[in-house]
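Peer 1: Dumping the structure here so I can ask a few things about it.
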Amino acid sequence: MIIRVQYEDFDSAALNRELLAGRSDVGAIASFIGLVRDLQGDALQQMTLEHYPGMTEKALQGIADKARQRWQVIDLGIIHRVGELKPSDQIVIVTVLSAHRADAFSACEFIMDYLKTEAPFWKKEVSDQGSKWVDARKSDFFAHKKWEN
C-alpha cells in the first residue's frame, strides 16, 4: 500500500508501475485523479491545502483499511498534494488494484468519498473576490452517507 502526502506533483503511470511491480494477479486498475478547478467562477488564482503531518497519513491509512475490509483489494495507492496549487493542477490520485473491476471501481469511489469528508485537510482559496477557507460541500456528505449501510 502506498500512502503519501506531498508538495510535489505525481505521475499516475509511475504509481501504477510501483503498485504492479512483480504482480500477475491483478485483473483491474481503477484510478481517480482530482484537479484544482474554479467552482464559483470567481477567477480562482490559487488554492492552498494544509494538513497535520502524521495525523493526515493515519487518517488516509484508516480510509484505505475500511476499503480493504469491504472489497477484494489487492493493493492501492493514495497520493494527496498539499501546499499552493493553481487551477488545473493535480490534487489527489487514488488507484485501486483488484482481480475484478467491480471491486476496483467501488473501492476507488468509496475512498474518494471518504477523503472528501474525513481526511484532515484544510483548503483556502484565493480569487479575485479575496481569500476564504472552504468546507466540504453538502454533496460530499451525501456521497459519504451512501456507504453507511
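Read-outs throughout are calculated quantities, based only on the coordinates presented, and are distinct from any laboratory measurement. Source: prediction; values computed, not measured. All Cβ positions, glycine included, derive from the backbone under ideal geometry; neighbour counts span all protein chains shown.
Peer 1: Which loop-located GluC sites (Glu not before Pro) does region 41-149 contain, where loop means any DSSP state but H, G, I, E or B and the Cβ has at most 12 other Cβ atoms within 10 Å?
Peer 2: On the way: sites: Glu50, Glu57, Glu84, Glu109, Glu118, Glu125, Glu148; in loops: Glu148.
For GluC sites (Glu not before Pro) across region 41-149 that sit outside H, G, I, E and B with at most 12 neighbouring Cβ atoms in 10 Å, the list reads Glu148.
Peer 1: Let me spell out the model: positive unit charges on the Cβ of Lys and Arg, negative unit charges on the Cβ of Asp and Glu, origin at the Cα centre of region 2-145. What dipole size does that give, in debye rounded to 20? Intermediate values should be presented prior to the final figure.
Peer 2: On the way: 18 positive and 21 negative charges, 79 e Å.
Dipole of region 2-145, to the nearest 20 debye: 380 debye.
Peer 1: Evaluate Rg over Rh across the chain, taking Cα atoms for both radii and Kirkwood's formula for Rh.
Peer 2: Working: Rg = 15.7 Å, Rh = 16.0 Å.
Looking at the chain, the ratio lands at 0.98.
Peer 1: Defining a contact as two alpha carbons under 8 Å apart and six or more residues distant in sequence, what relative contact order in percent does region 2-145 show? Spell out each step's value before the answer.
Peer 2: Working: 269 pairs, mean separation 48.2, N = 144.
With pairs under 8 Å counted, the relative contact order is 33 percent.
Peer 1: Another question about this same structure. What three numbers, in Å, describe the spread of the alpha carbons of region 72-149 along their principal axes, ordered from the longest?
Peer 2: Here the Cα extents, ordered largest to smallest, are 47, 26, 19 Å.
Peer 1: Could you tell me the center-to-center distance, by alpha carbons, between region 1-44 and region 57-74 in angstrom?
Peer 2: Each part reduced to its Cα centre gives a spacing of 16 Å.
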